[in-house]
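Accompanying notes for the structure given below.
No lab work stands behind these numbers, since they all come straight from the coordinates. Everything numeric in this text was worked out from a predicted model, so none of it was measured. All Cβ positions, even for glycine, are placed from backbone atoms using ideal geometry, and neighbour counts span all protein chains on display.
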Amino acid sequence: MNYRFFTYIFISLFLASFNLSAQTEHNGEAIHHEEQAAVHEESDGDKPYDPTELINHHLSDSHDYAFELPFIHKTFHLPIILWTKNGLTIFSSGEFQGDEHGEVIVEKNGQKFKRIHDLIVYADKVGEHVDPNEVTLDQRPLDFSITKNVFSMLLTFLILLVVLLYTKKSYDKNKVPRGIASFIEPLIVFIRDMAKENIGPKYEKFVPFLLTVFFFILFANLFGLIPFSPFGYNLTGNIAVTFVLAVIVFIITNVNGNKSYWTHILWPPGVPVILKPFIALIEILSIFTKPFALMIRLFANILAGHTIILTFVTLIFVFKNWGVPFASGFATIFMYISELLVAFLQAYVFTLLSAIYFGMAVKEEAH
Amino acid sequence: MNLLHPETLVFWTTLFFLLFLFLFIKLAWKPILKTIKEREKSIEDALLEADKAREEMAKLKADNQKILNEARAQRDEMLKEAKLLKEQIINKAREEAQAEAGKEIAKAKQVIQSEKQAAIKELKNQVSELSINIAEKVLAEELKDKNEQIKQVEKLISDIKFN
């Protein structure tokens, strides 16, 4: 089982270099090979190769799903779901014909839309060359589309569900873990024991949440490292995703906060009375900074990992020197191995810190 | 990374996370955790039982030893008693035998004594009879002559000493 798992990882590492190069995309048109990229660039001489755009494109969300396997490239159009002034509007992202520069205008539900980079705006309210970061909320509809990341997340959850159902099923015949359960069970026991240690006697009601968070982050991290479709996404490296996870941790922590927890925050014991309001102020701030740190830590770690790997790969196309692929290939493999560690580590750290915060909320005073 | 429309992922992450959290709890975590807990408990119980059995075994062994020791002690005591009894019996038998023998000997001695007395008596009688007969014959022989008679009387008289 473990042997096969590592074999997959190493095959993934091997495929990484040429597959990532295939992710070079130009207006939805996939360029398959190194030489083709070079040819394209020469014919398009005024537009130099831009690694930043490539990397940004990989790390950002998208309404089109570029399905990429070695030698197979196909773009799927995902549904666009908008909450407009005229209500819910749904259409396929194919209607933009891959345009991301506001050139194609789509008329739906009595309104005109165009897409600037990844942002869908009202065509009549936004000018031609506008920075999408400056578009205000009244210039665009609320976007609830099934984007690439949403689809990837659903996929991650579904795979996780299948894995867990298999794990559960393996117990039906025999109480001894077999097959995939022998890989999953140690992790479950590990997280459960960690929760027990950090939360105390009331740990049991938090274990399902901690397990879900741990496995979701772990699977998202690991699948994010597999460099071909439908994996290789950047889910946990997206601040919106980690924001939601952190908010849920924040809510659970404070909903479960007992008297001792709130006393420590609002009227900290063992502090001179004059200082109490100031300490309380800091403590109140810390309620928010703790989940904030959770959000930033996971997001930054995964984002940085993906960025570094992509940077090493794009170096090949920037330098166009025969020696660079060896050096950057080696560096990529090294980064991949360290990212593998980070995938486990960050999933664990997020879960551990969540458990510690829950522990602070429910622990009875023990000074 | 561009985060142009954060509401998309915030909305779907919340929805998916809560939905799958619920699904996982129902379908996976509860049964899996229950199985693990039950198994841990059964292992713990089995270990405890094994410990108990081992303890019982040790106790049993100790009991056996105790019983064995007691039996040995009893056997020793019995042997000792038997030895004592044997000695007593032998002694008694010896004493009795000695007493019996003594009695027999005494009886024999008495019989011998009485036999001896009777023999002596008979011998005496015979001797006296014999000697009277002899004396008669001698006297009859010697007193044939008168002189001789006188001589004899005289001799006898001289033999008698007066004290």
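Structure summary
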read-out: Under-5 Å amide H pairs with A:Val126, H placed in peptide plane, nonlocal only; value: none
read-out: Choice from B:Lys116, B:Lys146, B:Lys83 with maximal GNM fluctuation in chain B (Cα, 10 Å cutoff); value: B:Lys146
read-out: Computed FRET value (nearest 0.05) for A:His77 with A:Val162, which takes r as the C-beta separation and R₀ as 35 Å; value: 0.85
read-out: Radius of gyration and maximum dimension Dmax of the range B:25-109, Cα, Å; value: 35.7, 120
read-out: Hz values of 3J(HN,Hα) by residue in the range A:61-78 - Karplus curve (6.51, -1.76, 1.60), Gly and Pro given as x; value: 7, 8, 8, 9, 9, 8, 8, 10, 10, x, 6, 10, 9, 8, 9, 9, 9, 8
read-out: Farthest positive-ward along the protein assembly as shown dipole, Cα basis, beta-carbon charges - from A:Pro269, B:Gln149, A:Val126; value: B:Gln149
read-out: Computed magnitude of the charge dipole of the range B:1-114 (debye, nearest 20; Cβ of K, R +1, Cβ of D, E -1); value: 360
read-out: In degrees, nearest ten, helix A:148-173 long axis to first principal axis of chain A (Cα); value: 50
read-out: Selection from A:Leu353, B:Ala50, A:Pro325 lying farthest towards where the dipole of the protein assembly as shown points positive, charges on Cβ; value: B:Ala50
read-out: Distribution of pairwise C-alpha distances over the range B:18-163, 10 Å bins, in %; value: 8, 10, 10, 8, 8, 7, 7, 6, 6, 5, 5, 4, 4, 3, 3, 3, 2, 1, 0
read-out: Gyration tensor (Cα) of the range A:79-145, equivalent ellipsoid semi-axes in angstrom; value: 16, 14, 10
read-out: Separation in nanometres of the label points that stand 7 Å from Cα toward Cβ, at B:Ala46 and A:Lys125; value: 6.7
read-out: 10 Å binning of all Cα-Cα separations within the range A:173-313, expressed as whole percents from 0 upward; value: 10, 28, 30, 20, 9, 3, 0
read-out: Spin-label model distance (nm) - A:Leu266 vs A:Ile287, 7 Å beyond Cα toward Cβ; value: 0.9
read-out: Of A:Ser260, A:Phe278, A:Phe91, farthest towards positive along the dipole that unit charges on Lys, Arg, Asp, Glu beta carbons give chain A; value: A:Ser260
read-out: Residues with amide H under 5 Å from that of A:Thr75, placed H, sequence gap 5 or more; value: A:Phe67
read-out: Ascending count of other beta-carbon atoms within 10 Å, so fewest first, for A:Ser354, A:Ser92; value: A:Ser92, A:Ser354
read-out: Computed [θ] at 222 nm, helices only, for the protein assembly as shown once each DSSP H run of length n ≥ 4 contributes -39500 (n - 2.57); value: -24000 deg cm²/dmol
read-out: Binned Cα-Cα distance frequencies in the range A:156-218 - 10 Å width, integer %; value: 21, 47, 29, 2
read-out: GNM result for chain A, Cα springs below 10 Å: residue of A:Asp172, A:Asp138, A:Asp118 fluctuating most strongly; value: A:Asp172
read-out: Chain B: angle of helix B:6-24 to the longest principal axis, Cα-based, in degrees nearest 10; value: 30
read-out: Unit charges on C-beta of K, R, D, E only; dipole of chain A, Debye; value: 2180
read-out: Residues in the range A:330-367 that a label on A:Leu275 would reach, taking backbone N under 19 Å of a point 7 Å out along Cα→Cβ; value: A:367
read-out: Candidates B:Ala119, B:Ala99, B:Ala140: whichever shows maximal mean-square fluctuation once chain B is modelled as a Gaussian network with Cα springs under 10 Å; value: B:Ala140
read-out: Per-residue ³J(HN,Hα) for the range A:342-355, Karplus 6.51 cos²θ - 1.76 cosθ + 1.60, θ = phi - 60°, Hz, x for Gly and Pro; value: 4, 4, 5, 4, 5, 4, 5, 4, 4, 5, 4, 5, 4, 4
read-out: Sites A:Glu204 and A:Lys259, calculated FRET efficiency, Cβ-Cβ separation with R0 22 Å, nearest 0.05; value: 0.60
read-out: Percent of Cα-Cα distances greater than 17 Å, calculated over the range A:253-338; value: 66
read-out: Residue-wise HN-Hα coupling along the range A:250-262, computed from phi with Karplus coefficients 6.51, -1.76, 1.60 (Hz; x: Gly, Pro); value: 4, 5, 4, 4, 7, 5, 8, x, 8, 4, 4, 5, 6
read-out: Percent of Cα-Cα distances greater than 42 Å, calculated over the protein assembly as shown; value: 50
read-out: Listed pairs A:Lys205/B:Lys34; A:Lys173/B:Lys37; A:Lys202/A:Lys276; B:Lys86/B:Lys109 exceeding 24 Å between Cα atoms; value: A:Lys202/A:Lys276; B:Lys86/B:Lys109
read-out: B:Leu60 paired with B:Lys80, simple spin-label distance in nm, labels 7 Å along Cα-to-beta-carbon; value: 3.3
read-out: Cβ-Cβ FRET estimate between A:Gln111 and A:Asn133, R0 fixed at 30 Å, reported to 0.05; value: 0.85
